[in-house]
Amino acid sequence: MARTMESRPADVDAGHAADLDELVGIDRGRQLCECDHGDDEAYAACGRKAKWRVTVDCVCGENHPRTVEILCSRCMRTLRQSHGREAITVRPL
């Protein structure tokens, strides 16, 4: 006698259901560039329309954490120029 796998919905605890606004990577319409154009005292986001998801992996050997930023084309170009040795991956949004 062969058993078949039935697709059943996963048990989801209602108390742990994720709010869609909190999920990263969900297309929520127009996303804005996150690049910091502020001074040392305060963060000031760029605010232009973001077109790129940029991942920066440090290759210096000191185990710096990977960073992911949502950037416009101008800020992405600047990041590439300023991060010479780091491994940068750019994907369109």
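Other residues within the sphere of radius under 10 Å centred on the Cβ of Ala45, judged by their own Cβ, net out at -1 (K and R +1, D and E -1).
The H on the amide N of Leu32, modeled in the peptide plane, is under 5 Å from the matching H of Ala50, each at least 5 residues off or on a different chain. Here the Karplus curve 6.51 cos²θ - 1.76 cosθ + 1.60, taken at θ = phi - 60°, turns the phi angles of the range 70-77 into couplings of 9, 10, 7, 4, 5, 5, 5, 4 Hz, with x standing for Gly and Pro. Each peptide among 37-43, 73-79, 55-61 gets the average number of other Cβ atoms lying within 10 Å of its residues, and from highest to lowest they stand as 73-79, 55-61, 37-43. Among Ile70, Ile88, the order of accessible area from largest down is Ile88, Ile70, computed with a 1.4 Å probe on protein heavy atoms.
The values are calculated or read from the model by the stated rules, or taken from the named source; none is laboratory data. Just so you know, these numbers come straight off a predicted model, no measurement behind them. When we count neighbours, we look across all protein chains shown, and the Cβ atoms used for this are built from the backbone with ideal geometry, even at glycine. Just so you know, the surface numbers come from the protein's heavy atoms only, side chains and all, with ligands and any DNA or RNA stripped out. Shrake-Rupley method; radii C 1.70, N 1.55, O 1.52, S 1.80 Å.
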